[in-house]
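Working notes, beginning with the structure itself.
The numbers here are math on the coordinates, done by the rules we state, and not lab data. Computed from a predicted structure; not experimentally measured. Neighbour counts are summed over all protein chains in view; Cβ atoms, including those assigned to glycine, are modelled from backbone coordinates with ideal geometry.
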Amino acid sequence: METETITIKDNHVNGISFPSDRIMLDLKDLKKVYPTPKGDYVVLEHLNLQILKEEFVTIIGHSGCGKTTMLSMIAGLNPISGGDIAVLGNPIQGPGPDRGVIFQAPSLMPWMTALQNVLLGVNRVFPHASKAQRKDIAKYYLHKVGLDGAFDKKANELSQGMQQRVGIARAFAIKPKVLLLDEPFGMLDSLTRGELQDILIEIWNKEKITAVMITHDVDEAIFLADRVVMMTSGPRAKIGDVLPIKFERPRTRKSVLEHEDYYKYRKHLIDFLEH
């Protein structure tokens with residue numbers, strides 16, 4: 001099999017037209033500039049990417065290529081210097097509950113319990129639900145990430161892996177339209193990382209939220225994604241290549257590793273990163 005690259009431009013994917021209501025996230029001619037004493041430093045420029053509803057996209061590229069900058073702009077946490085970002089056709093106006101974020105460090109309130117940390121977002125997003133209903137939502141997602149016995153444990157009593165489980169529960173519990181993940185497993189050991197990848201994809205398979213995830217890990221990028229987006233090195237980084245991953249869902253790690261195309265996908269990504 002030849003690995004196939006893919007482009008989405010003006011609602012077209014390789015010549016196939018998609019109605020605009022299929023496009024969940026639309027980045028048009030995105031630019032990010034930081035002023036410095038020596039003049040403007042252009043991190044991103046002419047970056048165009050459209051992500052479809054219910055799609056899982058992983059973003060890969062060298063350190064410093066602007067991946068996290070792009071994700072923080074989508075999250076509304078970093079001002080846009082030029083271009084547009086829209087969710088379902090609506091330009092973003094700062095942070096909002098339509099975009100849930102999972103960071104590398106889960107940023108929990110250390111003095112609060114796991115349940116209270118998840119409830120922080122749930123209470124804000126579902127103010128008209130009853131207290132019992134909101135608690136049920138939080139408990140449901142903590143159960144999904146395997147924290148049944150830790151509802152009342154304070155965040156600072158939890159291991160790093162358990163804290164990240166709370167972070168995943170918190171992000172899914174607010175029912176966002178787009179889930180943004182910034183190397184959420186980057187600080188974890190390989191065993192915990194594999195467990196949390198499986199938990200993430202299991203919940204995602206059920207919820208089918210559009211997901212955009214940054215990773216440095218080629219195998220993680222392939223296992224999770226419908227498409228892997230490769231970014232050019234900065235400055236003035238943009239989309240360099242996009243690789244569709246055609247493994248059927250739901251996937252198991254074993255079926256992915258044993259698939260005849262797995263190492264072709266892997267080689268394609270490594271060749272891009274080594275250029």
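Just a few scattered comments:
- Excluding same-chain neighbours fewer than eight residues apart, the lysines reachable from Lys139 by a Cα-Cα span under 21 Å are Lys131, Lys153, Lys154, Lys175, Lys177, Lys206, Lys208.
- Centroid-to-centroid separation of segment 157-174 and segment 224-259 [C-alpha atoms, Å]: 25
- Expected-Rg normalisation [2.2 N^0.38 Å, Cα atoms] applied to the chain: 1.01
- Within the chain, antiparallel bridges make up roughly 60 percent of the DSSP beta bridges whose residues both belong there.
- Three-way shape call for segment 138-217 based on the alpha-carbon gyration tensor, with the a/c threshold at 1.5: oblate
- Total charge dipole magnitude, segment 194-235, about the Cα centre, Cβ charges on Lys, Arg, Asp, Glu only, Debye to nearest 20: 260
- Eligible aspartates and glutamates near Lys28 by straight Cα distance, threshold 14 Å, same-chain separation 8 or greater: Asp10, Glu45, Asp84
- Over all other residues within a Cβ to Cβ distance under 10 Å of Thr215, the charged ones net out to -4, with Lys and Arg as +1 and Asp and Glu as -1.
- Ranking Ile80, Gly61, Pro95 by Cα position along the charge dipole of the chain, where only Lys, Arg, Asp and Glu carry charges on their C-beta atoms, puts Pro95 farthest toward the positive end.
- Residue pairs exceeding 28 angstrom between C-alpha atoms, taken from Lys144/Lys254; Lys67/Lys264; Lys31/Lys264: Lys31/Lys264.
- Working note: Debye formula, equal point scatterers on the alpha-carbon atoms of segment 118-175, no solvent; log10 I(q)/I(0) at q = 0.13, 0.23, 0.24 Å⁻¹ is -0.29, -0.85, -0.92.
- Karplus-derived HN-Hα couplings along segment 179-186 (A = 6.51, B = -1.76, C = 1.60, θ = phi - 60°), whole Hz, x at Gly and Pro: 9, 10, 10, 9, 6, x, 10, x
- Radius 14 Å from Cβ of Gly186, net charge of other residues (Lys, Arg +1; Asp, Glu -1): -4
- When the P(r) of segment 19-128 is calculated, the portion above 25 Å amounts to 34% of the C-alpha pairs.
- For peptides 94-100, 163-169, sequence by mean Cβ density within 10 Å, most packed first: 163-169, 94-100
- For segment 72-201, the gyration tensor built on C-alpha atoms gives an oblate shape. Its axis ratio a/c (a ≥ b ≥ c) is at least 1.5, and a/b is not larger than b/c.
- At most 13 other Cβ within 10 Å, DSSP loop - chymotrypsin sites (Phe, Trp or Tyr not before Pro), segment 111-165: Trp111
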